[in-house]
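Structure first, then comments.
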C-alpha cells in the first residue's frame, strides 16, 4: 500500500451517478490506459530459462540435522517443477513494476502490478494456463497513472483495485478505487468501457467477490465497502483503522485490521466476532489472510503465519519462518502473504523465500523452502499450480505435479517408494513403486532390471536405462532443469514405456535398437533439448509432441 501523494489519474470519466460514485471510462485510446497489441511482446514475457525440477530444502537440512545432497540423501516428497516465469510489464516511465496479486479461475490467471516508487503506474495481465507446458500471456492492460494492488475475476469481468491521487483528479472522489474491466476469451474488451467506484482510504488493497457483491478494503482510515457486482453501485460500508486484506469462506467474511487483528463479519458487514492480534504488521505493508478448513491463517510479518480457530478465535500456533538464504537482511525476513491448497500451506516470506508447510489436522508443520529465486512477496495457489510474485524476478509459475487419484488406484498393488533418492536397480530385478499421494523427488535413476514407476516424479539429474532393460512410467515425470539440462538415455535394446506425461529439460538419447513406446491416446512428451534416434531405433504409439522433437 502506498500513501497517496503524487500524480493525477488523468482518465476522463462520464459521471453516471453522484450518489453511488460510479463512473464509466469514456475513451480507451487515451494515453493513460492502453492495451498491449503486440503479440510478440506478450509472448516474449514468458521466460523458460530457469524452468525444470525444483529442490525443496527440508527443515532438517536447513537446521543442519541432515546433509544436503550426496549419495545417501533420502527420496523427498512434493515433486515440484518451475513451469515458467512471467516478466513484469514495462513501458515508458514504468520499468519497475512488480506483481502484487494473482487470481486463478479455470484456464486463466489474472495478475495485477504496481510500482513501489513514487508516482503511480500499474497493469493487469491475463495468462492462459490451459496447457501446463506452454503458458501464454493473452491480454495486457497498462495503467500509466494508477497502482493496481489486487485483483479478482467473476463471470467475464476483472475487478481491479488500487490507488489514485484524488486531490489532482477532476472526477475521483477518493484515493481508493475499484475498476470493473470486461474480458472475453482471455482478452480485454473495452468497447463498453470500464466502470469505476471510489471510497475513502489511503489505497484500495484487496478485493473479493461474495455472491452479487464486490468487497473492497482501503487501507489506513479506510473502509470495507460492498458494491453491487453488476453496476458498482455502493451498497454498504464500514470504517476501520488500518485494513490490509479480506477473505471469504461460504457466508463468513474476514478482514485483517492491522491495528487490532481479524474481524469476522456477516453479510451486512456487522462484526460478529474478533481475533485480537498484537503483531507488528509494519507500516503500509500488505498482509493477507486465508481460510483453511475451520482455521484462519494470518501473515504476521516477522512472526510468520498465525493460525487461529475461525469460530472461537483461539490462537493455535505460529508457523515459523524457515531461513535458508544467506546474508538476508532481518527486515526482509517477513511473512507477506499466506495461501492454502488442500493440505498444504504456502508462506511468502520475502527474502527467506517460499515455505511449504503440511497442514493436515488442526495445525501446519513446516516442510521446507522451495528453491525459487528472488524475494517472495505474494503467493496464490489453486488446483495443481502455485503462483509466486518475486519482485524483479517476476511472477513464477510452479506446478505441484500431484498424482491423480486414478493413477493411484491403478497402481494400488504397488508399494510407495521410500528409499534413496539415487535409484539404482540391481541386474535382473523386477520392481514396481508408486509415488504416494504427494509424489516423489529423485536425484537420478539407473535401471539395470525392470522398473515400473506409478504416479508423479521429478528427477533432478539423469535417467539411464541400460542395455536390454525396461523403465515404465504410468503418470508424470519431469527430468532436469533448463539451466542444468539432464538427459534420458535409452541404451542398446532398452525400452522406455510411457503412459502419461514426460518432460525432459535436456535430450532423449536413443542408442541402436532402443525403443520408446507411448501407451493410450493421451500421452504427452515435452523435450526442451533434442531427440537422438538412430535408424534402427523405434518409437511407437499415439502421443502429443509439445515441441515437435520427434
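Could you grab me the full set of residues in segment 321-334 that are under 21 Å from residue 244 (Cα atoms) and either within 22 Å of the chain's Cα centre (by Cα) or assigned to a loop (DSSP other than H, G, I, E, B) (or both)? Can you show your working first?
To start, the set of residues in segment 321-334 that are under 21 Å from residue 244 (Cα atoms) comprises 321, 331-334.
Scanning segment 321-334 gives 321, 332, 333, 334.
Scan segment 335-351 for residues that are assigned to a loop (DSSP other than H, G, I, E, B), modelled with pLDDT of 90 or more and within 18 Å of residue 59 (Cα to Cα) and jot them down. Spell out the reasoning first.
Within segment 335-351, the subset assigned to a loop (DSSP other than H, G, I, E, B) is 336, 342-343, 349, 351.
Add one more test, that the residue is modelled with pLDDT of 90 or more, and what stays is 336, 349.
Passing the criteria: only 349.
Report whether or not residue 216 is assigned to a strand (DSSP E or B) and over 26 Å from residue 105 (Cβ atoms).
Numbers: assigned to a strand (DSSP E or B): yes; over 26 Å from residue 105 (Cβ atoms): no.
It is false that residue 216 is assigned to a strand (DSSP E or B) and over 26 Å from residue 105 (Cβ atoms).
Kindly establish whether residue 539 is outside any loop (DSSP other than H, G, I, E, B), surrounded by fewer than 23 Cβ atoms within 10 Å (Cβ to Cβ) and assigned by TED's automatic domain parsing to the domain that holds residue 429. Explain how you work it out, then say what you get.
Working: outside any loop (DSSP other than H, G, I, E, B): yes; surrounded by fewer than 23 Cβ atoms within 10 Å (Cβ to Cβ): yes; assigned by TED's automatic domain parsing to the domain that holds residue 429: yes.
Spelling it out, residue 539 is indeed outside any loop (DSSP other than H, G, I, E, B), surrounded by fewer than 23 Cβ atoms within 10 Å (Cβ to Cβ) and assigned by TED's automatic domain parsing to the domain that holds residue 429.
Here is a list: 207, 214, 158, 164. Which entry is in the same structural domain as residue 108 (by TED's automatic domain parsing), surrounded by 23 or more Cβ atoms within 10 Å (Cβ to Cβ), in contact (Cβ under 8 Å) with a residue 40 or more places away in the chain and over 21 Å from residue 121 (Cα atoms)?
Answer to the check: 214.
Can you pull out every residue in segment 73-123 that is outside any strand (DSSP E or B), under 14 Å from residue 143 (Cβ atoms) and under 15 Å from the mean Cα position of the chain (by Cα)? Show your work before the answer.
From segment 73-123, those outside any strand (DSSP E or B) are 73, 75, 78-80, 87-90, 92-93, 95-96, 106-107, 116-121; that's our starting set.
Checking which are under 14 Å from residue 143 (Cβ atoms) leaves us with 88-90, 92-93, 119-121.
Within segment 73-123, just 88 meets the criteria.
Looking at the structure I just gave you, is residue 147 over 23 Å from the mean Cα position of the chain (by Cα), modelled with pLDDT under 95, crowded, with 19+ Cβ neighbours inside 10 Å and at negative phi?
Numbers: over 23 Å from the mean Cα position of the chain (by Cα): no; modelled with pLDDT under 95: yes; crowded, with 19+ Cβ neighbours inside 10 Å: yes; at negative phi: yes.
It is false that residue 147 is over 23 Å from the mean Cα position of the chain (by Cα), modelled with pLDDT under 95, crowded, with 19+ Cβ neighbours inside 10 Å and at negative phi.
The values are calculated or read from the model by the stated rules, or taken from the named source; none is laboratory data. In this text the structure is predicted, and so the values were computed from the model without any measurement. So basically every Cβ, Gly included, is an ideal-geometry build from the backbone, and we count neighbours across all protein chains shown.
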